[in-house]
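What follows is a set of notes on a single structure, which appears directly below.
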Amino acid sequence: MSSNGASIPAGWYDDGSGNRRWWDGSTWTDHVQQSVAAGWYPDPDDSRRRRWWDGIAWGAVESVPTPVVSTAPATPAASRREKRAVQRGDGFVPSTLVEYFDLRGYGDVEVVGEAYHDRAMEIVGRGLPEGGHVIAVLVPEPENSHDRNAVRIDVLLESMHYTVGYLSRDIAASYQAVLLPELQRGRYGMVRADYWRGHSTTQVYLRLGDPGSILPPKLPVENGVFIGGIRSVTVTGEEDHQDVLNAAIGRNEVLVDVFSLGFCDIVKGKYAGARAIEVVYAGQRVGQLTRAMSERYEPRVTRIIDEGGMAFSEGVVQRSGDRGLQVELMMP
């Protein structure tokens, strides 16, 4: 490939098939980046801000970058102990870990390479919760000698990481671009995963969205903590707050937004006087969770509040015939 007789420097270029292929300065190689869907992604020039990718080229910058204070190294590297644990299938706690955060998504993304991590898969299988659902942590590995775009998949079991595989090469780069800036802050993204055991093989599937949609939504307060998931949790008592919900949804059929979570007392019925999780939208109450769901999520919401934060979850408001406007939260 040349331009006006001049050689083109090595780099990623459109190969004419809709993909970006690596040009080594003299010839095309077999390394291909598949096209990435349009959306907001970390700016390649400054990972502290996001920039619009239209599917072909970078566009407008979302915001002016602000200084980021981080105690983690610019490019965190796994310790020798961690690398040995990954190779042996032992459990470990990452040396660069500061905190976990919930990723968003509802699709099934297949994990590859489980056969090379059979010991860790066996340990996870023995400690598998009822239903086969586990928590998976996505760990970018920019220093991976086999693939600089690698994203490692660890299953979180009793506070320990067990490496069970990787994202496939054809999608890893686009996910690493989103997750690496978070890793540089010591933040590890986690998502629900399904552990499937067949007669001769085992497989892990991540409940993960497209790269541009996996990060938590922007929250209205600086101390907000997002609780994400794919479980649809019913909110009760919306019939007493239809005015608030009508003002929020307007003429739309559906509203998807973040709701804050706090606590209130149940005032009637079998559990009167017990504590429930209150659901608030734009500072106004819209309902509460059932007693069972309140008990399920009370420890997590309590911990966030005790640490000086505000708990938020993504919710959906939609019309439901004679029942009026109903609210459902997406929780772990």
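Data for the structure
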| quantity | calculated |
| --- | --- |
| Contacts under 7 angstrom Cβ, first residue in segment 114-140 being in contact (Cβ under 8 Å) with a residue 60 or more places away in the chain, partner basic (Lys, Arg) and loosely packed, with under 13 Cβ neighbours inside 10 Å, 6 or more apart | Gly125/Arg197 |
| Some residue of segment 260-275 being in contact (Cβ under 8 Å) with a residue 24 or more places away in the chain, part of a loop (DSSP other than H, G, I, E, B), touching a Ser or Thr at 6+ places or on another chain (Cβ under 9 Å) and farther than 30 Å from Glu182 by Cβ | yes |
| Single residue of Glu253, Glu298, Glu307 found to be in contact with a Lys or Arg (Cβ under 8 Å, 6 or more places away or on another chain) and surrounded by fewer than 15 Cβ atoms within 10 Å (Cβ to Cβ) | Glu253 |
| Subset of segment 219-256 [of a type in the set (A, V, I, L, M), under 19 Å from the mean Cα position of the chain (by Cα) and part of a strand (DSSP E or B)] | Val225, Ile227, Val233, Val256 |
| Number of positions in segment 287-332 that are small (Gly, Ala, Ser), in a strand (DSSP E or B) and on the phi < 0 side of the Ramachandran plot | 3 |
| Qualifying residue in segment 191-203 (condition: of a type in the set (Gly, Ala, Ser), surrounded by 20 or more Cβ atoms within 10 Å (Cβ to Cβ) and closer than 30 Å to Gly91 by Cβ) | yes |
| Residues (among the aliphatic types (A, V, I, L, M) and within 17 Å of Ala193 (Cα to Cα)) located in segment 158-171 | Met160, Val164, Leu167 |
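For every residue, the table says whether it meets (1) at pLDDT below 90; (2) in contact with a strand residue (DSSP E or B) (Cβ under 7 Å, 6 or more places away or on another chain); (3) acidic (Asp, Glu).
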position	(1), (2), (3)
Gly113	no, yes, no
Val134	yes, yes, no
Ser159	yes, no, no
Tyr166	no, yes, no
Glu182	no, yes, yes
Arg192	yes, yes, no
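The values are calculated or read from the model by the stated rules, or taken from the named source; none is laboratory data. Since this is a predicted model, take the numbers as computed values, not measurements. Glycine gets a Cβ as well: all are built from the backbone with ideal geometry, and neighbour counts include every protein chain shown.
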